[in-house]
Amino acid sequence: MATITKGYKQLIAEAEAVIETLTVDQARALQAAGEALVVDLRDVREIEREGRIPGSYHAPRGMLEFWVDPDSPYHREALSTAPRLVLHCASGWRSALATKTLHDMGMTNVSHIGGGFTAWTKAGAPVEKKS
């Protein structure tokens, strides 16, 4: 059996200590002003079930590092040309870790939405459902 010396809660706390966490209102304002690309890290099944933030860009969490790196064969230009990336997942845990990873890669124009898509919907922000 593998021994874990640092659990997910500690990893998230360490990430949140060094990254920028935005409120839903802050993220909405940046998106509306064209100053940020909102990036949805959730699995496609989550998006199909719960909807998505209008205008958001889907980048599966497992591919994010490859999609942002211009040297990667999987690079996605939208992620390297946006003025700022605002990541989100369902609850803000995956996006906190992903934001920290991009920060570790040298990106300074990245933050995440505290509470994720759950906070977004609780705030009454718009959601686009698949029809």
Fill in the blank from the handout: With the first residue restricted to the stretch 74-85 and required to be under 12 Å from A36 (Cα atoms), and the second required to be part of a helix (DSSP H, G or I) and not β-branched (V, I, T), Cβ contacts under 6 Å at 6 or more apart or on different chains are L79/W67
Problem - Any hit, the stretch 3-10, residues being among the small types (G, A, S), out of contact with any Cys (no Cβ under 9 Å at 6 or more places or on another chain) and open to solvent by 60 Å² or more (accessible area, probe 1.4 Å) - result: no
Exercise for the section: Kindly indicate whether any position in the stretch 52-70 is exposed (fewer than 13 other Cβ atoms within 10 Å of the Cβ), hydrophobic (A, V, I, L, M, F, W, C) and in a loop (DSSP other than H, G, I, E, B). Expected result: no
Problem - Filtered residues of the stretch 44-67 (kept if under 16 Å from P126 (Cβ atoms), among the hydrophobic types (A, V, I, L, M, F, W, C) and in contact with a helix residue (DSSP H, G or I) (Cβ under 7 Å, 6 or more places away or on another chain)) - result: I53
Practice task
For T121, indicate whether it is at pLDDT below 95, β-branched (V, I, T) and open to solvent by 20 Å² or more (accessible area, probe 1.4 Å).
Solution key: no
Exercise for the section: Could you please let me know if L41 is within 23 Å of K9 (Cβ to Cβ), in contact with a helix residue (DSSP H, G or I) (Cβ under 6 Å, 6 or more places away or on another chain), touching a residue at least 24 places away in the same chain (Cβ under 8 Å) and not small (G, A, S)? Expected result: yes
Problem - Output for the stretch 2-23, where each listed residue is closer than 24 Å to A123 by Cα, charged (D, E, K, R) and either without any contact (Cβ under 8 Å) to a residue 60 or more places away in the chain or assigned to a helix (DSSP H, G or I) (or both) - result: E16
Problem - Some residue of the stretch 72-86 being out of contact with any Gly (no Cβ under 8 Å at 6 or more places or on another chain), buried (at least 18 other Cβ atoms within 10 Å of the Cβ) and among the aromatic types (F, W, Y) - result: no
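The values are calculated or read from the model by the stated rules, or taken from the named source; none is laboratory data. A quick note: this is a predicted structure, and the numbers were derived from the prediction, not measured. With ideal geometry, Cβ positions are generated from the backbone for all residues, glycine too; neighbour counts draw on all protein chains shown. Protein only, heavy atoms only, side chains kept; ligands, DNA and RNA dropped before computing areas. Shrake-Rupley method; radii C 1.70, N 1.55, O 1.52, S 1.80 Å.
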